[in-house]
1. Name the pairs whose Cβ atoms lie under 7 Å apart, with the first residue in the stretch 140-168 and closer than 25 Å to ALA82 by Cα, the second crowded, with 22+ Cβ neighbours inside 10 Å and of a type outside the set (A, V, I, L, M, F, W, C), and 6 or more positions between them or separate chains?
2. Restricting the stretch 219-249 to residues that are without any contact (Cβ under 8 Å) to a residue 40 or more places away in the chain and closer than 14 Å to GLY207 by Cα, which is surrounded by the most Cβ atoms within 10 Å (Cβ to Cβ)?
3. Enumerate the pairs (first residue in the stretch 341-357 and farther than 17 Å from ALA285 by Cβ; second residue anywhere and of a type in the set (Ser, Thr, Tyr) and at pLDDT 95 or above) with beta-carbon separation below 6 Å, excluding pairs fewer than 6 apart on the same chain, so at least 6 apart or on different chains.
4. Only residues that are touching a Gly at 6+ places or on another chain (Cβ under 6 Å), of a type outside the set (Phe, Trp, Tyr) and buried (at least 21 other Cβ atoms within 10 Å of the Cβ): list them for the stretch 316-344, please.
5. Just one of ALA38, ALA58 is surrounded by fewer than 19 Cβ atoms within 10 Å (Cβ to Cβ), over 24 Å from the mean Cα position of the chain (by Cα), of a type in the set (A, V, I, L, M, F, W, C) and part of a helix (DSSP H, G or I); which is it?
6. Picking from ALA219, ALA156, ALA227, ALA191, which residue would you name as being of a type outside the set (S, T, N, Q), at pLDDT 85 or above and not in a helix (DSSP H, G or I)?
Amino acid sequence: MGGFKLRKHGYIFCFVAAIILQGCMEKDLTPEQKAYVASLETELAQTKQDIDAGTRSAAVYSGGLIKDLISTRVEILKTNQALLEQRILAVQSQSSVTIATVTSKVDEDLASKLSVEITQAKAGIASAKAEAAQYSGGLIQALKLSTVATSEQTLAMLEQQYLVAKYGLNPIRVSALPSSALSAVPTTSTAPPQLLAKSNLLPPGSGPFGFEAGISGDAIEKMTGEAPRLAKESENLYLLDRAPKPNDAFEQYGLVISPTVGLCVVRGISKTIQTNDFGHQLQAAYGTMKDALTSIYGKPKTYDFLMPSSIWKDSNDWMTGLYKQDRTLAAEWRGPGIKNDINSISIDARALSRDKGYFVVEYTFNNSPECTAELKKQKNDSL
């Protein structure tokens, strides 16, 4: 029992001696080492402030893409904090405490270039935050805030590269980063993109199917988890299998996305409808959707006729006439006064065969003339 006490006191003595020894080493630091530690401590203080600010920002959100981006940034910043703290301790104790404190080559030129990039990134973030502050909510503000969060995540990674170049800290391999931070690292993989988890999606907009005029293909991917597929380059037409606010009546969505003015046309393509020769089932589904649109946008102008010269005039030839494009069943709503920057809306019935059909609802936004002019210019430039 006495031996145990002796060993116990011995441990305490060694521990105290280690503290005293460390204090002595701190006092024996050269002026250059003291300046080096002071510089590291300044970086550390700023990093801690950024972590606190990021933690508070993340707490505002219950989930979603923006929270995930902010949380990933905080994890990168915590890695930076650990690098700085361990390096400070290593200098003060005159030894390396972990592998993370092993020095790499200092690169002042690279550090200088990264410092310029960091300054520019901070200016861009400040500008993006000012733009986001102009909106009180909705999709546009969510898109602006996601841009801010993405830029701040990139900034945190630039700052880590700066610390490595400026102070010769041991670079952290990508595999050592937290798993959720790996999504922030660019990849050159050619594997097909995976759908984003629903919790990571941006909220839908207030327009049809959750789309809004002018949004980009990238924004649409962040809202749906699916990248729009180019279907017809000459029309800037893309296809999408789901919408931010899907409707059970539709199975696909056609989007006209201009590279300069963004989304200008949305088409909802209904599920295939099995019907008889008279087209009863197709007409019923079409009528239900037309009534739903009428309740929102008012009474439309309707078109229900057969070409005068058509031979498909009997009632049991209804689907055949539609398939041969001799028959028209459509309705149209036109502005001004339609909400959500919509210029016009139309619905028309279409036939795949004598016993199968579908309908298409098309929303044209107010920026559609710019899209049309852009396509016309592209075609004329090729002449």
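1. GLU152/ARG73; GLN153/THR72; GLN153/ARG73; ALA156/ARG73; GLU159/ASN80; GLN160/ASN80; LEU163/ASN80; TYR167/ARG87
2. Across the stretch 219-249, the extreme among qualifying residues is ALA243.
3. That search, which allows pairs on different chains as well, returns ILE342/TYR363; ASN343/THR364; SER344/THR364; ILE345/TYR363.
4. Selection gives MET319, ARG327.
5. Going through ALA38, ALA58 in turn, just one is surrounded by fewer than 19 Cβ atoms within 10 Å (Cβ to Cβ), over 24 Å from the mean Cα position of the chain (by Cα), of a type in the set (A, V, I, L, M, F, W, C) and part of a helix (DSSP H, G or I): ALA38.
6. ALA227
The values are calculated or read from the model by the stated rules, or taken from the named source; none is laboratory data. These figures come from a predicted structure and were not determined experimentally. Cβ coordinates were reconstructed from backbone atoms using ideal geometry, including for glycine residues, and neighbour counts include every protein chain displayed.
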